Amino acid sequence: MEVYSVTVATGTSQYSGTNNYVFVTLVGERGESERTLLDNPGLDFCRGAVDQYKVSSPSPLGSLLLVRLEKQRYWVEDNWFCRYITVEPPSGDKVTFPCYRWLVGDIKVEVRAGTAKTLRDESISQLLEHRKTELQERQKIYRWVTWAPGIPRCIDAKTEADLPQDVRFENEKRSDFEQSLQFALLELSLKKLAIRFGKSWNDLEDFKRIFWKLKSPISEYCMEHWKEDWFFGYQCLNGSNPRMIQKCRKLPENFPVTSDMVQSSMAPRTNLDKELKAGNIYLLDYAIMDGIPTNTIKGKPQYIAAPLCLMYQHPDEGLIPVAIQLEQTPGLDSPIFLPRDPPLAWLLAKMWVRHSEFQVFQLLSHLLRTHLVIEVFCVATLRQLPAVHPIYKLLAPHLRYTLEINCRGRTQLISSNGIFKRVVSTGGDGLLILAQREYKVLTYRSLQPHKDFADRGVSQLPKYFYREYSLMLWDAIHSFVSGMVDLFYQSDPDMQEDQELQAWIRDISQEGFTELPNFGLPSMLSTREELSTLLTVAIFTSTAQHAATNNGQFDWCAWVPNTPCTMRQPPPTDKDAVTMEMIMATLPDVSQSCVQMAITWHLGRAQPDAIPLGQYTEQHFTEGRAVELIDGFRTELKEIEDHILSQNEGLELQYLFLLPSRIENSITI
């Protein structure tokens, strides 16, 4: 009789433990052990427990292939989260079997050892069959669906309750998510009732009345400096939507700015033509907003604009706006606003640009280009890569919670009766049409920051901290990923012949990113460099890019006049007619302001259970070389962290959204 030492680790989150029966069978090359009930004196499988057992086999099992776990109901159903199992043979080294999954109901699962293997590494028919069966079962559970035409496809789940337990929020996350939103809405509702329900504010100072507990250093700085042109320019570089600005090499024909108009904004001894040739003129073009249907809130129509904003890199003042046209078609009803105009007219024109910014950053830069893009990777990975595959192991930590947060977004944020419908000018039909327009022009190239910055012509813009830090993070991620790819694929043909990997890229390009003939992602991977770039896009987008667009939204939107979620009057057509009364009638009312503040605080705040970039709480890899690469990645991230902190030391307005310690490993909010 051979006796094996077996250790079973239960999850650490609330309700991970179970009082159900748990059986284990060890499966080796030469046979199976006895089916053993795991039952020590006292309580087994408590939350966070690491329990040890003895499992007998009538004869040596040889190399261990699988651990078979069975859970059976005892009195009441009680789900169980298993982290890992280790098995120590009578003679030989301990083998770790990562599990990291829920066992729900009466269930039997078979878990592979932690050594990552591609198809070509398999020589045992039993393990080949295990891979095949695992994927067949997953493909029944994780199915593609078209939530709406003209946007990336997503997981087939009407609400988060339809998702499998393995991709759901843990209980602590669920409670925090729901309670934090209720806290914010309740606190601001009390203020709203104390002020005036559904009414306009009297003046800009009135907005300070909803600043209380919900504030941050940047939001307070914003409140003090939001009218200043340099601060407007700073947000184009380092605000919530830092990828809108592009170099202007020639003025658009529909934006008839003359040199005389902007001469007073230029530095001495220069003019617009000289600065265009010198590469110091930039453009914000919100043409994508033109003609988008507008929302109706409580029976009142809301309004949008499609601005053009000319920016100038001034040698002393930094990046500043020098001309704004609020519609795409110039004319008497669409004047060009200038800094020399009446102060209220110029201020309102900038507010309209920032209002368009709210729509674009929330729906396009944030929702579409991070959440929905990564959902495609998430579904394809679950459908096409078994848990033992090295690319599954690499991506799994970066897909945590993404399916649930996206389901909640579709039901609670952008649905026909969601929060956007209640307070955002593009809520309802508009937001979907806006997303469809962006999706049509979405390219794989634009998801790669090096190429995106080059294509937009912004590689030389000074104080563009988002660019500098995101490139550092991209390079660190790419170096780490390339090391992992080279570890498991010794040559390009090795990768080309991986049928599971090729099925994965086909699922991404043909099933996930449908209706995109010009997206630019091939449906077959030919080189290891192609694979490394694609994996870097997935990890960078789900970590750094999401942090850049999500984590600062309260900072930039809490002071509502800086980035208003809606506008209640049409854009001004007469510069001289702009009054403070007009501005207050245009900006969000008390109720809308409170909801904007609450939702951006809820979505932008640091998550209490956040796992920072490069920290892996689940040990999917057990190979020494893979662990070394992970350690090297963490070391490089620490160097980036130190560099960012050093650069920001002493700055009045710090850019810390891309600190690795503040970037989550996945999209969880």
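What is the sum of charges, Lys and Arg at +1 and Asp and Glu at -1, for the other residues whose Cβ falls under 11 Å from the Cβ of VAL458? Each step should come with its number before you reach the end.
Values: positive: ARG243, LYS247, ARG456, ARG467; negative: ASP452, ASP455.
Net charge around VAL458: +2.
Excluding ligands and nucleic acids, what accessible area in Å² is computed for SER200 using a 1.4 Å probe, to the nearest 10?
It works out to around 40 Å².
May I ask you to order 341-349, 261-269, 216-224 by the average number of other C-beta atoms within 10 Å around their residues, highest value first?
On the way: 341-349: 19.3, 261-269: 13.8, 216-224: 16.4.
So the peptides 341-349, 261-269, 216-224, ranked by packing, come out 341-349, 216-224, 261-269.
Give the carbon-plus-sulfur fraction of the accessible surface of the chain in %, rounded to a whole number; probe 1.4 Å, heavy atoms of protein chains only.
Numbers: 13390 of 26780 Å².
Of the solvent-accessible surface of the chain, carbon and sulfur hold 50 percent.
What is the calculated FRET efficiency for GLU2 to ASP642, with r their C-beta to C-beta distance and R₀ = 51 Å, to the nearest 0.05?
On the way: r = 52 Å, r/R0 = 1.01.
Given R0 = 51 Å and the Cβ-Cβ separation, E is 0.50.
Rounded to two decimal places and with Rh computed the Kirkwood way over Cα pairs, what is Rg over Rh for segment 2-113? Let's see the in-between values first.
Details: Rg = 13.3 Å, Rh = 13.9 Å.
Across segment 2-113, the Cα-based Rg/Rh ratio is 0.95.
If each Cα of segment 211-309 is one equal point scatterer, what is log10 of I(q)/I(0) from the Debye formula at q = 0.14, 0.16, 0.17, 0.22 Å⁻¹?
Here the Debye-derived log intensity ratios amount to -0.79, -0.95, -1.02, -1.24.
When the helix-only estimate is applied to the chain (DSSP H runs of n ≥ 4, each -39,500 (n - 2.57), divided by the residue count), what is the mean residue ellipticity at 222 nm, nearest 500 deg cm²/dmol? Provide the component values of the computation, followed by the final result.
Numbers: 22 runs with 248 residues, N = 669.
My calculation for the chain gives -11500 deg cm²/dmol from helical runs alone.
What is the gain in length, in nm to one decimal, between GLN14 and GLU88 on full extension, counting 0.36 nm per residue of separation less the C-alpha to C-alpha distance? It would help to have the intermediate numbers written out before the result.
Values: separation 74, 0.36 × 74 = 26.64 nm, distance 2.90 nm.
So the chain would gain 23.7 nm between GLN14 and GLU88.
Please work out the Kirkwood hydrodynamic radius for the chain, using every pair of different C-alpha atoms, and report it in angstroms with one decimal place.
Details: mean 1/r = 0.0369 Å⁻¹.
The Cα-based Kirkwood calculation yields 27.1 Å.
Using 7 Å Cα-to-Cβ label points, what is the SER216/ILE107 separation (nm, one decimal)?
3.6 nm
Could you calculate, for segment 486-633, the ratio of the Cα radius of gyration to the Kirkwood radius, expressed as Rg to Rh? Before the final figure, lay out each step's value.
Numbers: Rg = 23.8 Å, Rh = 20.3 Å.
Result for segment 486-633 is an Rg/Rh of 1.17.
Considering only Cα-Cα distances, which of the following residue pairs are longer than 23 Å: LYS247/LYS350; LYS451/LYS638; LYS54/LYS117; LYS208/LYS300; LYS158/LYS421; LYS208/LYS350? It would help to have the intermediate numbers written out before the result.
Details: LYS247/LYS350 19 Å; LYS451/LYS638 25 Å; LYS54/LYS117 28 Å; LYS208/LYS300 25 Å; LYS158/LYS421 19 Å; LYS208/LYS350 20 Å.
In this structure, LYS451/LYS638; LYS54/LYS117; LYS208/LYS300 lie more than 23 Å apart at Cα.
Taking the alpha-carbon distance from LYS250 and a cut-off under 16 Å, which aspartates and glutamates remain once sequence neighbours fewer than 8 residues away in the same chain are dropped?
Candidates past the 8-residue exclusion: ASP273, GLU275, ASP285, ASP455.
Between ASN254 and LEU471, what's the calculated FRET efficiency when r is the beta-carbon distance and R0 is 45 Å? Round to 0.05.
Working: r = 33 Å, r/R0 = 0.73.
FRET efficiency, ASN254 to LEU471: 0.85.
I'd like the distance between the alpha-carbon centres of segment 1-39 and segment 157-187, rounded to an integer number of Å.
One Cα centre to the other: 31 Å.
Using r as the Cβ-Cβ distance of ALA49 and ASP121, and R0 as 30 Å, what FRET efficiency do you calculate, to the nearest 0.05?
On the way: r = 33 Å, r/R0 = 1.11.
About 0.35, to the nearest 0.05.
First select every other residue whose beta carbon is under 11 angstrom from the beta carbon of ARG143; then total the charges, Lys and Arg +1, Asp and Glu -1. Walk me through the numbers before you get to the answer.
Details: positive: ARG138, LYS140, ARG153, ARG383; negative: ASP156, ASP162, GLU511.
That sum, taken over residues with Cβ under 11 Å, equals +1.
Using the heavy atoms of the protein chains and a 1.4 angstrom probe, tell me the accessible area per residue for segment 2-113 in square angstrom. If you can, show how the numbers build up before the last one.
On the way: 5330 Å² over 112 residues.
Ligands and nucleic acids excluded, the result is 48 Å² per residue.
Give me the extension gain from GLN165 to LEU487: residue separation times 0.36 nm, minus the current Cα-Cα distance, reported in nm with one decimal.
Numbers: separation 322, 0.36 × 322 = 115.92 nm, distance 3.21 nm.
Here the segment from GLN165 to LEU487 would lengthen by 112.7 nm.
With helices defined as uninterrupted DSSP H runs, which ones in the chain have an alpha carbon span along their own long axis of at least 20 Å and mean Kyte-Doolittle hydropathy of at least 0.5?
Values: long enough: 125-141 (24 Å, -1.56); 171-195 (36 Å, -0.26); 343-360 (26 Å, 0.29); 465-488 (35 Å, 0.57); 590-604 (21 Å, 0.61); 624-648 (36 Å, -0.51).
Answer set is 465-488, 590-604.
Subtract the Cα-Cα distance of GLU652 and ALA577 from 0.36 nm times their separation in residues, and report this length gain in nm to one decimal.
Numbers: separation 75, 0.36 × 75 = 27.00 nm, distance 3.64 nm.
The GLU652-ALA577 span can extend by a further 23.4 nm.
Do any cysteines of the chain lack a neighbour Cys whose Cβ is under 4.7 Å away, and which are they?
CYS46, CYS154, CYS222, CYS236, CYS248, CYS309, CYS378, CYS407, CYS557, CYS565, CYS594 - these cysteines have no disulfide-compatible partner (Cβ-Cβ under 4.7 Å) in the chain.
Please give the per residue accessible area of segment 438-584, computed with a probe of 1.4 Å over protein heavy atoms only, in Å².
Working: 5090 Å² over 147 residues.
I get 35 Å² per residue for segment 438-584.
With the calculation restricted to Cα positions, what are the radius of gyration and Dmax of segment 555-669 in angstrom?
Values for segment 555-669 (Cα only, Rg and Dmax): 21.8, 71 Å.
Amide H of TRP147 versus every other amide H placed in the peptide plane: which residues, excluding those fewer than 5 positions away on the same chain, fall under 5 Å?
Result for TRP147 returns CYS154.
Put a dot 7 Å past each Cα toward the Cβ at ARG340 and ALA278; how far apart are the dots in nm?
1.9 nm
So, by mean Cβ neighbours within 10 angstrom, what's the order for 352-363, 174-185 with the highest one leading?
On the way: 352-363: 24.9, 174-185: 15.7.
Packing order, densest peptide first, comes out as 352-363, 174-185.
The values are calculated or read from the model by the stated rules, or taken from the named source; none is laboratory data. Everything quoted here is computed from the prediction, not taken from an experiment. Note: ideal-geometry Cβ built from the backbone for every residue, glycine included; neighbour counts use all protein chains shown. Side chains included, ligands, DNA and RNA excluded: accessible areas come from the protein's heavy atoms. Shrake-Rupley method; radii C 1.70, N 1.55, O 1.52, S 1.80 Å.
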